[in-house]
Structures are given as C-alpha cells and as structure tokens.
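**Q** Questions regarding the structure given below will be posed in turn.
The values are calculated or read from the model by the stated rules, or taken from the named source; none is laboratory data. Note that the structure is a prediction, hence the values are computed from the model and not measured. For neighbour counting, all protein chains shown are included, and Cβ atoms are generated from backbone atoms with ideal geometry for every residue, glycine included. Keep in mind that these areas ignore ligands, DNA and RNA; they rest on the heavy atoms of the full protein, side chains included. Shrake-Rupley method; radii C 1.70, N 1.55, O 1.52, S 1.80 Å.
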Amino acid sequence: MPVDWVVLGLDNGGTTNSGTALDDSGRFLLDQMAEVPSDVREGPDKALQRLADSVRQVLGLAGVPLESVRAVGLDTPGPASADGVISSKGATNFGQPAWRGFDIRSALERRLGLPVIYNNDGNAAALYAHYARFGEEAAARRGSVSVIVGTGLGGGIVEAGQVVKGAAGMAGELGHVPIPLDGLLDEGQPTPVCNCGQFGDAESVASLTGIQNNLLPYWLTRYKGHELGSMPAGKAAKLVRRYGEDGDAMALAIFRQQAIALGRLLTIAANFLDPDVYFLGGGVVEAASHFRDWFIAEVRANTVLREEQARAAEISLVPDLDMAGARGSAVAAREWVIGQGALPQPSARLSRRYPSAGGTTTTMTKRTG
Ligand SMILES: [Zn+2]
C-alpha cells in the first residue's frame with residue numbers, strides 16, 4: 001500500500017536513541033526499534049548529530065524518503081519544560097554544562113528542517129500505552145494514568161487522548177506525590193527521602209533509587225548477615241528483584257513496601273482523575289511471571305477504588321516498554337500533523353477559542369510541543 005506521509009518517533013536515552021516510523025493510517029512501519037548510540041554525555045552537538053543519524057537509519061529501515069516525513073516526535077528524560085528545554089540545573093542524562101537550559105526541541109527542528117514535537121519520556125510512554133490499549137478512535141474518549149518504576153518513578157496522565165502537561169510542563173510527575181506512610185513503614189524504619197528533597201513521596205519508596213537509598217539499608221539491619229549486605233549498594237539494589245523472584249524474605253518485604261506505595265499512589269489518582277486504566281510498567285513488571293503476578297496483586301490490594309470505579313476501571317501493564325517512548329513520540333507527532341490539517345486558517349494554527357465561564361471568549365495558546 002502506498003504511504004501518503006509518515007512521522008518519526010525518536011526516544012533519546014542515556015546510551016541509545018531508539019527510533020520508529022508511523023504512517024498516515026496509524027501503522028508502525030518497524031517491528032523493532034532502530035537503535036544508534038545517543039552520545040548525550042558528549043554534549044548537545046554530538047547528541048544532535050546522533051539524532052540526525054537516527055532519522056537516516058529509520059528512513060532506511062522503513063524504506064520511506066525524507067520528503068514524506070511531516071513531523072518528528074522526540075522524547076528525552078526530564079526534567080525539561082513542556083517544550084523541551086532541559087532544566088537549568090541539568091539532569092541525570094544531561095550532565096555536561098552545555099545542556100543546562102538547552103532547547104533540544106528547537107535545535108533538532110533547525111537541524112532537520114522539520115517540525116519537532118516534544119514530550120518527556122514518561123509522557124511519551126503513557127501516550128503509547130493509552131493508544132495501544134484503546135486504538136485511535138476510543139483513545140480520544142478515554143483517560144489513563146501510567147506509572148513506570150525505574151531508576152526513578154516516572155509516568156504520565158492522558159485525558160481524552162491528550163497528554164496532560166500542565167502550566168509549567170510538570171503535570172504527571174507522579175513520583176513526587178507524597179503518599180501516606182502509616183502502615184507502610186516498619187516500626188522504627190526511617191522516613192524514606194527522595195532526590196527531590198521530599199520525605200515520603202512515591203519515588204522515595206517505589207524506585208530503584210528508593211531501594212538503594214532507603215529500603216535496602218533499613219532492611220539489611222533487620223536481616224543481618226544477608227548476602228546483599230556485603231555488596232556495593234548500587235549492585236545490591238539491582239539484585240533485589242532477582243532475590244524476590246527466588247522468594248527471599250527480605251526482598252519480598254522490600255517489594256511489598258513498593259506495592260503498598262504504588263497502590264496508595266493509584267488511590268490518589270483515582271480520586272483526582274478517575275481514569276479508565278491504571279498502567280504499570282518498569283523492571284518489576286518485567287520480572288518472572290509468578291513474581292510479577294504477586295506484585296500486581298499486592299498493588300491492587302492496596303488500591304482503594306469505589307465500587308463503581310472498580311467496575312469501570314482496570315489495572316494493566318504498559319506494553320512493549322522498550323519501544324513505548326519512541327512509539328509514543330510518533331503518536332504525538334501524528335496527532336499534531338492531523339491537528340494542523342483540521343484547522344482551516346493558517347493564522348488560527350496556534351490558537352483556539354474557549355468560551356470562559358462569564359460567556360466572553362478568551363484566546364488560549366494551544367500547547368503542541
Ligand atoms: Zn521526589
């Protein structure tokens with residue numbers, strides 16, 4: 001079937017750029033990710049060159065010419081603004097000083113000569129999970145919350161098919177929502193602290209960093225002589241999951257606390273947003289099935305839904321997590337292209353009229369990036 005136009009999706013990670021192509025009918029043209037090194041640690045110049053390499057690689061693998069590309073979706077880890085300006089304080093993946101306050105979206109747009117639509121990686125993955133679950137038509141009528149457990153706790157909120165970005169681009173930072181700790185912490189266990197400075201937010205418990213900094217140091221005092229106590233903290237933290245799969249009591253205690261934290265976070269989401277689906281993703285749900293099923297059952301048991309909500313909603317897994325960022329970025333770019341086509345006047349492209357409560361009309365800038 002001839003392709004009218006395509007969009008590309010690029011996921012810019014700490015070591016790798018993953019890329020894909022999506023055609024005008026909503027079909028992904030690659031079954032696997034196209035991958036090149038991201039070289040983000042070498043600074044913006046090298047990294048942009050690598051993103052351009054990604055574009056060439058995807059076009060080659062998909063067999064489509066550059067002229068057919070209407071837009072490129074890009075995601076990176078945060079913190080960054082809604083329009084893709086890296087935090088002025090830098091970020092884990094963007095340690096080189098030249099990255100501070102760098103506008104990666106505009107820079108890539110100039111380099112490629114194509115519109116670039118930006119999302120942070122959690123939001124891009126949330127968008128893909130949403131579209132994969134509902135399909136294009138139903139996606140626009142549904143809401144979902146995605147929670148992805150990794151080094152930190154990421155994710156995003158999708159409402160009526162659109163990522164909720166917020167005024168400053170900081171909506172959906174689910175990891176930094178404080179959660180009740182009563183009945184979660186063991187007696188005498190210190191209050192977990194997050195890299196963001198808060199005590200007892202969701203990420204301080206439900207993340208690899210939370211295991212390394214908070215949970216493992218405490219539980220090793222309760223399981224004196226445990227093998228993990230003799231290893232460097234970073235290595236030990238990564239191994240806790242394998243111990244959990246083998247039924248190790250200390251590892252299960254750690255993951256039970258993570259499951260309670262996630263359940264409490266989803267309970268807050270239920271009261272704020274009442275979504276159709278709660279997606280879980282990340283390391284723990286990619287574990288051996290018996291362990292994953294136990295963990296999800298624990299999350300469910302700690303998620304308090306009203307009877308009506310329990311009937312209407314489901315807890316599900318983020319599909320193809322390794323591809324979710326690039327694919328979600330492509331979905332965002334395609335939605336943007338379709339949105340452009342639907343607006344009749346070029347002058348109206350960047351604005352939409354919303355009636356205000358007083359009956360007058362206010363013009364709001366539509367965030368597309
Ligand atoms: Zn935090």
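**Q** If we sort 247-254, 17-24, 185-192, 107-114 on the protection proxy, mean other Cβ atoms within 10 Å, highest first, what's the order?
**A** So the order, starting with the most tightly packed, is 17-24, 247-254, 107-114, 185-192.
**Q** Let me ask another. Once the Cα atoms of helix 44-62 and of the chain are each reduced to a long axis, what angle between those two axes, in degrees from 0 to 90 to the nearest 10, is obtained?
**A** 70 degrees
**Q** Shifting gears a bit: Among residues other than residue 68 whose Cβ falls under 10 Å from its Cβ, what is the net charge (Lys/Arg +1, Asp/Glu -1)?
**A** In short, -3.
**Q** A follow-up question, please. What is the Cα radius of gyration of the range 258-306 over 2.2 N^0.38 Å, N being its residue count?
**A** It is 1.13.
**Q** Which semi-axes, in whole Å and largest first, does the equivalent ellipsoid of the range 180-232 have when worked out from the alpha carbon gyration tensor as the square roots of 5 times its eigenvalues?
**A** 20, 14, 7
**Q** From the backbone phi of the range 222-235, what are the Karplus-calculated ³J(HN,Hα) couplings (6.51 cos²θ - 1.76 cosθ + 1.60, θ = phi - 60°) in whole Hz, Gly and Pro given as x?
**A** 8, 10, 4, x, 4, 3, 5, x, 9, 9, x, 4, x, 5
**Q** How would you rank 130-137, 160-167, 325-332, highest first, on the average number of other Cβ atoms within 10 Å across their residues?
**A** 325-332, 130-137, 160-167
**Q** Compute the acute angle (0 to 90°) between the alpha-carbon long axis of helix 321-342 and the principal axis of greatest extent of the alpha-carbon atoms of the chain; round to the nearest 10°.
**A** Result, in degrees: 30.
**Q** Tell me, in nm to one decimal, what length is gained between residue 256 and residue 301 on full extension, where the rule is 0.36 nm per residue of separation less the Cα-Cα distance?
**A** 15.1 nm
**Q** If you take the square roots of the eigenvalues of the alpha-carbon gyration tensor of the range 219-273 and sort them as a ≥ b ≥ c, do you get rounded (a/c under 1.5), prolate (a/b over b/c) or oblate?
**A** prolate
**Q** Using a probe of 1.4 angstrom, how much of the accessible area of the chain is carbon and sulfur, in percent?
**A** Accessible surface attributable to carbon and sulfur in the chain totals 50 percent.
**Q** Here's something else I'd like to know. How about residue 165: which aspartates and glutamates have a C-alpha closer than 16 Å to its C-alpha, ignoring those fewer than 8 places off in the same chain?
**A** 75, 83, 121, 173, 335
**Q** Another question about this same structure. Taking H placed 1.01 Å from N in the peptide plane, check which residues at least 5 places from residue 30 or on another chain put their amide H under 5 Å from its amide H.
**A** Sorted by chain and number, the residues that satisfy this are 21.
**Q** Averaging sequence separations of C-alpha pairs under 8 Å and six or more residues apart, then dividing by the length of the chain, give the relative contact order as a whole percent.
**A** RCO, the chain: 19 percent.
**Q** Can you pull the semi-axes for the chain, root of five times each eigenvalue of the Cα gyration tensor, sorted largest first, whole Å?
**A** 36, 24, 20
**Q** Mind checking the range 190-262 for trypsin sites (Lys or Arg not before Pro) that DSSP puts in a loop (not H, G, I, E or B) and that have at most 10 other Cβ atoms within 10 Å?
**A** For trypsin sites (Lys or Arg not before Pro) across the range 190-262 that sit outside H, G, I, E and B with at most 10 neighbouring Cβ atoms in 10 Å, the list reads 224.
**Q** Normalised radius of gyration for the range 241-344, please: alpha carbon Rg relative to 2.2 N^0.38 Å, two decimal places.
**A** Expressed relative to 2.2 N^0.38 Å, the Cα Rg reads 1.35.
**Q** How big is the range 122-199 in terms of Cα radius of gyration and Dmax, in angstroms?
**A** 15.4, 51
**Q** Continuing with the same structure: Take the range 202-300, drop everything but the C-alpha atoms, weight them equally and run the Debye formula without solvent; then report log10 I(q)/I(0) at 0.24 Å⁻¹ to two decimals.
**A** -1.31
**Q** Work through the residues other than residue 177 whose Cβ is under 10 Å from its Cβ and net out their charges, Lys, Arg +1 and Asp, Glu -1.
**A** Residues near residue 177 contribute -2 overall.
**Q** State, as an integer percentage, the relative contact order of the range 145-298 based on alpha-carbon contacts under 8 Å between residues 6 or more apart.
**A** Reported relative contact order: 26 percent.
**Q** Here's something else I'd like to know. Compute the acute angle (0 to 90°) between the alpha-carbon long axis of helix 121-139 and the principal axis of greatest extent of the alpha-carbon atoms of the chain; round to the nearest 10°.
**A** The helix 121-139 is inclined about 70 degrees to the chain.
**Q** Enumerate the amide H contacts of residue 71 below 5 Å, restricted to partners 5 or more residues apart or on another chain; note that Pro and chain-start residues carry no placed amide H.
**A** Result for residue 71 returns 8.
**Q** How large are Rg and Dmax for the range 1-139 when only the alpha carbon atoms are used, in Å?
**A** Rg, Dmax (Cα atoms, Å): 14.7, 48.
**Q** If you consider only alpha-carbon coordinates, what radius of gyration and Dmax does the range 41-112 have, in Å?
**A** 13.2, 40
**Q** Hey, can you rank 35-42, 258-265, 301-308 by average C-beta count inside 10 Å, highest first?
**A** Per-residue mean Cβ counts within 10 Å order the peptides as 258-265, 35-42, 301-308.
**Q** Okay, next question. Can you list residues whose amide H is under 5 Å from residue 150's amide H, if they're 5+ apart or on another chain and H is modeled 1.01 Å from N?
**A** Under 5 Å from the amide H of residue 150: 208.
**Q** HN-Hα J couplings of the range 72-85 from phi, Karplus 6.51/-1.76/1.60, θ = phi - 60°, integer Hz, Gly and Pro as x?
**A** In residue order, the calculated couplings are 10, x, 10, 10, 9, x, x, x, 8, 6, 4, 9, x, 9 Hz.
**Q** With the contact rule set at Cα under 8 Å and sequence spacing of 6 or more, what percent relative contact order holds for the range 107-198?
**A** Averaging sequence separation for qualifying contacts and normalising by length gives 21 percent for the range 107-198.
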